[in-house]
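Peer 1: Provided herewith is a single structure, encoded as C-alpha cells, for subsequent inquiry.
The values are calculated or read from the model by the stated rules, or taken from the named source; none is laboratory data. Keep in mind that this is a model prediction, so the values were computed, not measured. Cβ coordinates were reconstructed from backbone atoms using ideal geometry, including for glycine residues, and neighbour counts include every protein chain displayed.
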Amino acid sequence: MHEMSIVADLFTIIEEQAQQTGAKKVTKVKVLIGELSGVVPELFRSAFHSYKKGTIADKAKLEIKVTRIKFKCHNCGKEIKSKDISSPDFSYACPFCGSKEVELTSGREIYLEKLEIETS
Ligand SMILES: [Zn+2]
C-alpha cells in the first residue's frame with residue numbers, strides 16, 4: 001500500500017524531530033497532503049493509526065489538510081487554482097491566456113506541517 005510507505009517515512013521525520021526537541025510524547029501531528037499527490041486521506045489516516053502503535057506518537061491525533069492544486073502562469077503571471085480549471089482533462093494550459101508555460105506550485109506535496117509534543 002502506497003500510503004503505508006509514506007506513513008513510514010513520516011514517522012522517521014516525526015521521531016527525528018521529537019528527539020531534537022526532547023519530546024516525551026507526540027500529541028498531535030498535522031500533515032499537508034496535496035490534491036495531486038495520489039494519497040487518499042482516509043487510507044493515510046488508517047495507515048497512520050495502525051503505524052503509530054508503540055511509537056512516540058502512540059496517542060497522537062492526526063490532522064490532515066488537503067492542499068489544493070495551484071499553478072502559476074509564466075506568460076500572464078496569473079495564479080491558477082483548481083476552481084479555475086473547469087475541464088477534468090486540464091491540459092496544463094493557462095485558462096486565462098492559453099499559454100502552456102504553467103508551473104505547478106502547490107498540490108503535489110506531502111509534508112509534516114506541525115507536531116505538538118509534551119516534554120514531561
Ligand atoms: Zn496565462
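Peer 1: Among the residues of segment 59-74, write down those that are exposed (fewer than 15 other Cβ atoms within 10 Å of the Cβ) and not hydrophobic (A, V, I, L, M, F, W, C).
Peer 2: Selection gives Lys59, Lys61, Glu63, Lys65, Arg68, His74.
Peer 1: Can you name the residue in segment 46-58 that is of a type outside the set (Phe, Trp, Tyr) and out of contact with any Asp or Glu (no Cβ under 9 Å at 6 or more places or on another chain) and, of all such residues, is surrounded by the fewest Cβ atoms within 10 Å (Cβ to Cβ)?
Peer 2: Ranking the candidates gives Gly54 first.
Peer 1: Of all residues being under 16 Å from the mean Cα position of the chain (by Cα) and basic (Lys, Arg) in segment 62-77, which is farthest from the ligand (Cβ to nearest atom)? Just the residue, please.
Peer 2: Checked segment 62-77; the qualifying residue farthest from the ligand (Cβ to nearest atom) is Lys65.
Peer 1: Between a first residue in segment 26-38 that is among the acidic types (Asp, Glu) and a second residue that is surrounded by fewer than 19 Cβ atoms within 10 Å (Cβ to Cβ), which pairs have beta carbons less than 9 Å apart while being 6 or more apart in sequence or on different chains?
Peer 2: Glu35/Val66; Glu35/Thr67; Glu35/Arg68; Glu35/Ser82; Glu35/Ser106; Glu35/Gly107; Glu35/Arg108
Peer 1: Are there strands (runs of 3 or more DSSP E) fully within segment 48-120 with at least 1 residues that are of a type in the set (Asp, Glu) and touching a Lys or Arg at 6+ places or on another chain (Cβ under 6 Å)? List them.
Peer 2: In segment 48-120, 61-67, 79-81, 102-106, 110-118 are the strands (runs of 3 or more DSSP E) which contain 1 or more residues that are of a type in the set (Asp, Glu) and touching a Lys or Arg at 6+ places or on another chain (Cβ under 6 Å).
Peer 1: Given the structure, is Lys114 assigned by TED's automatic domain parsing to the domain that holds Ile14 and of a type in the set (D, E, K, R)?
Peer 2: Judged against the criteria, Lys114 is a match.
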